[in-house]
């Protein structure tokens, strides 16, 4: 093995390996290749010194440059936050109405509100804020608690029937299934459906008018127009949170459902809630 | 600079130059070969003069264009040619292009391509020989080199001499000037992308954007390397065009041709050979054509990939022919068809060796049967077809640019939710309406609903009650995006999908544009 063997044809040294008389020439590697190879080794060594590389028992070598992808993320977030700071500060100082009146701030707050909405609100209200049965559509012009910028802000800030907030909006329609005869429930339900022009039995509805006046008008008003002070919905319009058919209305009379929305001020802060209010107001139904 | 090896030639005698083609077939070419240095000799003549003119025009266009002004009013830049990346606008004299009109640039590229086909099929590689930036800049760099170091022989001697003070001074001076030209080349490029006077001040004071300096640095490096150091190697090894070109040429394309039917048999001792009774061609093998060639080739080896048809060998050879009192055009622009006809004449239809007597009269003038270039050759179906295609694209482009809208409306229908039921039962759809004001003046645009019975719209940010028509102010040369809500009373809703138009109109210029949108309602 160790004895030197020169190939006769090419005059080149061989590696000393032989297979059935075939020998491998020991040609040198191209110089550029060898240099590149050494450069990669040097690079790898320098890299392990400069950047986090070696795992230790409970930690790792940090590297001379102090680089870390978490720090990078933190810096990027701080940068983004800083670029928003000027506008966010302006939003914080103004009322929702003032923000809406200012073109630049409205554009900023609408975008910021849309982002906050996607994270916190779409779970119930849907990604297009169109809601679903039991969860209000925020695009339309029907507002249980008012559609003015300040009303929307208050609703988002303190929530509805939210136990953790003393100033939350509360309304509780009694379960009339326990107070009225089943026949009376059907009568009053027919009457309510008739108010918005739905399909109904005219005779039943006529009898239901008296039941409505005795039991419901106190909150929903004599004409069934609702009362925003109490969160009592308008029963004469085309928008129904829990459905507009006779059965759905009757069910709501017997055992009303009471949706709950958390108050967001504590979790998101006042500025974000303002931005959300601006966004909701811009969806087309704001008053 | 003193020319060292130049032996002044006696009248009627031609100096023979020691020149060898870099791609000579006499030497076996290895797959990888180190560059052979080329020292092109200065020539004078009509093609050289034409090349000076082309160089002046092309360099002039390149360096001066950004400094031309063009008044577009107070709301647009006054630079005649400007690629405004930041605002996504391209200005070219009276034309302003928005990103969505970039097809016009594609059209220009098609025209450039077909134009190249046209020129190549008619007059061969005229692009390579006269107008290609590589050729023009190499020519410029050679002028500098010749000015500093002298002509061919002086340069060869300098190159072979060991480094001393003189050589060092000459070399440093040359490279310094080259670098200065390269910096100016890179520097001129950036002026196409910003207001030239402002940018120049910024660049000089060091306050320009980093990208400006990076661009200058990159273009300086490429200009210096390609124009000064690599020269002909760029054409021979890097450029794909010489390879493509072969497909563009046919037997009636003009190419720089060595007319061996009158040049052969070449002889350095013509009189002696003639006295001995041997046939003697017009070529005296003086190598003037090889010495003049910036590509370092010998045109007498025939058509070859390296030849950029700069025609400097024609000038060099014509000067020699004049001196020998022989007709010009031993090397000339000729078509392959003419060359073949003349060759057939000289070889008696290919049956014999080249016999100069067959193409020359007794007085030494060329025979009347020799075919020469006629301009009519340029007009043939192939070139006409290229010209027709080129013109067609040009006319279409011009028509497209002149007839395009300067006021446009684009509409995006909200998809989530597709519609909203309002408390009175009416249906509302949301739209993002984009108004494009493509002129550099502010305008008031009237946006109107057309169709959709009973519907009205309201615009977010415009404090005005719902209506069928809105007046909207749009900034000069800008697009304005509006959030528009269109509501239709329940009684008027005619089906789940109705189509209607957003019509925009500028009352002062009578320009209008229409977008057909759809209005969606719940299934009944």
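The values are calculated or read from the model by the stated rules, or taken from the named source; none is laboratory data. None of these values were measured; they are calculated from a predicted model. Here the Cβ is made from the backbone with ideal geometry for all residues, glycine too, and neighbour counts use every protein chain on show.
Listed residues B:465, B:440, B:476; which is under 30 Å from residue A:106 (Cα atoms), in the same structural domain as residue B:422 (by TED's automatic domain parsing) and without any contact (Cβ under 8 Å) to a residue 12 or more places away in the chain?
Numbers: B:440 fails: without any contact (Cβ under 8 Å) to a residue 12 or more places away in the chain; B:476 fails: without any contact (Cβ under 8 Å) to a residue 12 or more places away in the chain.
Step by step, each of B:465, B:440, B:476 is checked, and only B:465 is under 30 Å from residue A:106 (Cα atoms), in the same structural domain as residue B:422 (by TED's automatic domain parsing) and without any contact (Cβ under 8 Å) to a residue 12 or more places away in the chain.
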Output the number of residues of the stretch B:249-265 satisfying the condition of being part of a loop (DSSP other than H, G, I, E, B), in contact with a strand residue (DSSP E or B) (Cβ under 8 Å, 6 or more places away or on another chain) and surrounded by 13 or more Cβ atoms within 10 Å (Cβ to Cβ). 4
Candidates B:187, B:228, B:164 - the one that is free of Cβ contacts under 8 Å to residues at least 12 places away in the same chain and more than 30 Å from residue B:114 (Cβ to Cβ): B:164
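How many residues does the stretch B:310-347 contain that are free of Cβ contacts under 8 Å to residues at least 12 places away in the same chain and either closer than 17 Å to residue B:369 by Cα or surrounded by 17 or more Cβ atoms within 10 Å (Cβ to Cβ) (or both)? Walk me through how you get there before you give the answer.
Residues of the stretch B:310-347 free of Cβ contacts under 8 Å to residues at least 12 places away in the same chain: B:322, B:328, B:344.
Keeping just the survivors that are either closer than 17 Å to residue B:369 by Cα or surrounded by 17 or more Cβ atoms within 10 Å (Cβ to Cβ) (or both) gives B:328, B:344.
Residues in the stretch B:310-347 being free of Cβ contacts under 8 Å to residues at least 12 places away in the same chain and either closer than 17 Å to residue B:369 by Cα or surrounded by 17 or more Cβ atoms within 10 Å (Cβ to Cβ) (or both): 2 in total.
Checking the conditions here, which among A:110, A:104, A:40, A:48 is within 14 Å of chain B (Cβ to nearest Cβ), assigned to a helix (DSSP H, G or I) and exposed (fewer than 14 other Cβ atoms within 10 Å of the Cβ)?
Selected residue: A:104, the only one of A:110, A:104, A:40, A:48 that is within 14 Å of chain B (Cβ to nearest Cβ), assigned to a helix (DSSP H, G or I) and exposed (fewer than 14 other Cβ atoms within 10 Å of the Cβ).
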Check whether at least one residue in the stretch B:226-248 is more than 25 Å from the chain's Cα centre (by Cα) and surrounded by fewer than 17 Cβ atoms within 10 Å (Cβ to Cβ), and report yes or no. no
Search the stretch A:126-138 for residues being in contact with a helix residue (DSSP H, G or I) (Cβ under 8 Å, 6 or more places away or on another chain) and more than 10 Å from chain B (Cβ to nearest Cβ), and hand back the single one that is farthest from residue A:237 (Cα to Cα). A:135
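Take residue A:249 and decide whether it is more than 37 Å from the chain's Cα centre (by Cα), away from every other protein chain (no Cβ under 14 Å) and closer than 30 Å to residue B:490 by Cα. Talk me through it step by step, then tell me what you get.
Numbers: more than 37 Å from the chain's Cα centre (by Cα): no; away from every other protein chain (no Cβ under 14 Å): yes; closer than 30 Å to residue B:490 by Cα: yes.
In short, no.
Being exposed (fewer than 14 other Cβ atoms within 10 Å of the Cβ), touching a strand residue (DSSP E or B) at 6+ places or on another chain (Cβ under 9 Å), modelled with pLDDT under 95 and over 28 Å from residue B:248 (Cβ atoms) narrows it down to one of B:99, B:74, so name that one. Talk me through it step by step, then tell me what you get.
Working: B:74 fails: touching a strand residue (DSSP E or B) at 6+ places or on another chain (Cβ under 9 Å).
Within the list B:99, B:74, the selection yields B:99.
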Residue ID - surrounded by the most Cβ atoms within 10 Å (Cβ to Cβ), chosen from residues in the stretch B:457-493 that are assigned to a strand (DSSP E or B) and more than 13 Å from chain A (Cβ to nearest Cβ): B:488
Filter result for the condition that a residue is in contact with a strand residue (DSSP E or B) (Cβ under 8 Å, 6 or more places away or on another chain), buried (at least 18 other Cβ atoms within 10 Å of the Cβ) and in a helix (DSSP H, G or I), over B:122, B:154, B:188: B:122
Residue check: is residue B:228 modelled with pLDDT of 90 or more and either in contact with a helix residue (DSSP H, G or I) (Cβ under 9 Å, 6 or more places away or on another chain) or in a loop (DSSP other than H, G, I, E, B) (or both)? yes
Is it true that residue B:159 is assigned by TED's automatic domain parsing to the domain that holds residue B:119, over 30 Å from the mean Cα position of the chain (by Cα) and part of a helix (DSSP H, G or I)? yes
Condition first: surrounded by fewer than 18 Cβ atoms within 10 Å (Cβ to Cβ) and part of a loop (DSSP other than H, G, I, E, B). Now tell me which residues in the stretch A:245-270 satisfy that. A:245, A:255, A:256, A:257, A:258, A:259, A:260, A:269
Given the conditions (1) within 14 Å of chain B (Cβ to nearest Cβ); (2) touching a helix residue (DSSP H, G or I) at 6+ places or on another chain (Cβ under 6 Å); (3) touching a residue at least 24 places away in the same chain (Cβ under 8 Å), which single one is not true for residue A:121? (2)
Looking only at the stretch B:300-320, which residues are over 26 Å from the mean Cα position of the chain (by Cα) and more than 14 Å from residue B:152 (Cα to Cα)? B:300, B:301, B:302, B:317, B:318, B:319, B:320
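Within 14 Å of chain B (Cβ to nearest Cβ), outside any helix (DSSP H, G or I), modelled with pLDDT under 90 and in contact with a helix residue (DSSP H, G or I) (Cβ under 8 Å, 6 or more places away or on another chain), is that true of residue A:284? Full working, then the answer.
On the way: within 14 Å of chain B (Cβ to nearest Cβ): yes; outside any helix (DSSP H, G or I): yes; modelled with pLDDT under 90: yes; in contact with a helix residue (DSSP H, G or I) (Cβ under 8 Å, 6 or more places away or on another chain): no.
The answer is no for residue A:284.
Applying the selection to the stretch A:145-171, what residues are in a loop (DSSP other than H, G, I, E, B), more than 11 Å from every other protein chain (Cβ to nearest Cβ) and out of contact with any strand residue (DSSP E or B) (no Cβ under 8 Å at 6 or more places or on another chain)? Break it down stepwise before answering.
The initial filter retains those residues of the stretch A:145-171 that are in a loop (DSSP other than H, G, I, E, B), namely A:145-148, A:159, A:161-168, A:170-171.
Going one step further and asking which of them are more than 11 Å from every other protein chain (Cβ to nearest Cβ), we end up with A:145-146, A:148, A:159, A:161-168, A:170-171.
Selection gives A:146, A:148, A:163, A:164, A:165, A:166, A:167.
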Read through the list (1) more than 14 Å from chain A (Cβ to nearest Cβ); (2) in a loop (DSSP other than H, G, I, E, B), then give the number of the only condition that residue B:425 fails. (1)
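Taking the conditions exactly as written (at pLDDT 95 or above and either assigned to a helix (DSSP H, G or I) or over 18 Å from the mean Cα position of the chain (by Cα) (or both)), does residue B:199 satisfy them or not?
no
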The condition from (1) within 14 Å of another protein chain (Cβ to nearest Cβ); (2) at positive phi; (3) surrounded by fewer than 21 Cβ atoms within 10 Å (Cβ to Cβ) that residue A:141 misses is numbered (2)
